[in-house]
Amino acid sequence: MIPKQGFEKPKDIQYQDLPIVLSSIYVIGIAKTGSGKTEAFFLPIIVHVMDQPELQIRRSNRSHMCSNKRMGTSNIPRTLEAKKIAKPYNLQVIAVYGGISKFDQFEELKVGCGIAVATTRRLIGLLTM
């Protein structure tokens, strides 16, 4: 599946990150723009989400990826890489961050998604609503 999407071989950050994250160890990855960070963090999330049993009652939010800055949070779901990775698994990626309508974000979370990329403060605020 990965080669069909144009990913031929891992980039440096992915070589270093993927084995650690897939071993359930926390990682902080710092690398330049375009270095492959999105794939390095989204691939393990996809593995986690796809390992969960299907929920019979309703769709739910299966994974949350937290970011400390609104700019990073709002950009991640829109990146081509995130969409490429999530599409074959029929997973929706949504952004939850301050500065836009809480109601719209609350409704998206209520319907459910595969992955919610969120700033911590906004996610906590919506969970307490």
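Only the coordinates and a few stated rules stand behind these numbers; no lab work does. Since we're looking at a predicted model, the values are computed, not measured. When we count neighbours, we look across all protein chains shown, and the Cβ atoms used for this are built from the backbone with ideal geometry, even at glycine.
Quickly work out the Phe106-to-His48 label distance, labels modelled 7 Å from Cα along the C-beta direction, and quote it in nm with one decimal.
2.6
What is the sum of charges around Arg70, taking Lys and Arg as +1, Asp and Glu as -1, for the other residues whose C-beta is under 12 Å from the C-beta of Arg70?
Details: positive: Lys69, Arg121, Arg122; negative: none.
Value of the local net charge: +3.
Give me the extension gain from Ser35 to Ser23: residue separation times 0.36 nm, minus the current Cα-Cα distance, reported in nm with one decimal. Walk me through the numbers before you get to the answer.
Numbers: separation 12, 0.36 × 12 = 4.32 nm, distance 2.18 nm.
My answer for the length gained is 2.1 nm.
With 10 angstrom as the radius, rank Tyr97, Tyr15 by how many other C-beta atoms surround their C-beta, starting from the fewest.
Working: Tyr97 21, Tyr15 12.
In order of increasing Cβ crowding within 10 Å: Tyr15, Tyr97.
I need the calculated FRET efficiency for the pair Thr120 and Lys83, taking r as the beta carbon distance and R₀ as 25 Å, to the nearest 0.05.
Numbers: r = 24 Å, r/R0 = 0.95.
Plugging the Cβ-Cβ distance into 1/(1 + (r/R0)^6) gives 0.60.
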